[in-house]
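The values are calculated or read from the model by the stated rules, or taken from the named source; none is laboratory data. The shown structure was predicted, so the numbers you read here are calculated from the model rather than taken from an experiment. Every residue, glycine among them, receives a Cβ derived from its backbone with ideal geometry; neighbour counts consider all protein chains shown.
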Amino acid sequence: MKEIIETIILNLVDNKEAVSVKEVQGEKSIVYEVKVAEEDMGKVIGKQGRLAKSIRTVVKSIGAREQKKVTIEFID
């Protein structure tokens, strides 16, 4: 799942070297912490957070197959 998130994020940003996705795993949940360059943060979040919401929806649907609660946090 981490690879899917990285693929989506890398296709949105200009500074690909600054992208990092960290996976924090719990018993029944997984949290992905996504860091991008400051100038690319707007591209990842999108207008009114629509793009970030879409990314979260895709990842939650993948996590539902594995019976895991998945969240994504975009970190400055």
Requested in this report: Mind listing whichever residues of segment 36-56 are farther than 19 Å from L10 by Cβ and β-branched (V, I, T)?
Outcome: none
Query - Condition broken by E17, with the remaining ones in (1) in contact with a Leu (Cβ under 8 Å, 6 or more places away or on another chain); (2) loosely packed, with under 12 Cβ neighbours inside 10 Å; (3) of a type outside the set (A, V, I, L, M, F, W, C) satisfied - result: (1)
**Report entry** Those residues of segment 57-76 which are under 13 Å from I8 (Cβ atoms) and either of a type outside the set (S, T, N, Q) or touching a residue at least 40 places away in the same chain (Cβ under 8 Å) (or both), in sequence order
**Finding:** V58, V59, I62, I72, F74
Report summary line: Sole miss for I62 among (1) assigned to a helix (DSSP H, G or I); (2) over 12 Å from M1 (Cα atoms) is condition (2)
Query raised in the report: Can you tell which of V34, V24 is β-branched (V, I, T), surrounded by fewer than 16 Cβ atoms within 10 Å (Cβ to Cβ) and free of Cβ contacts under 8 Å to residues at least 60 places away in the same chain?
Result: V24
Query - Subset of segment 1-43 (residues that are assigned to a loop (DSSP other than H, G, I, E, B), closer than 17 Å to A64 by Cα and either at pLDDT 95 or above or within 14 Å of the chain's Cα centre (by Cα) (or both)) - result: M1
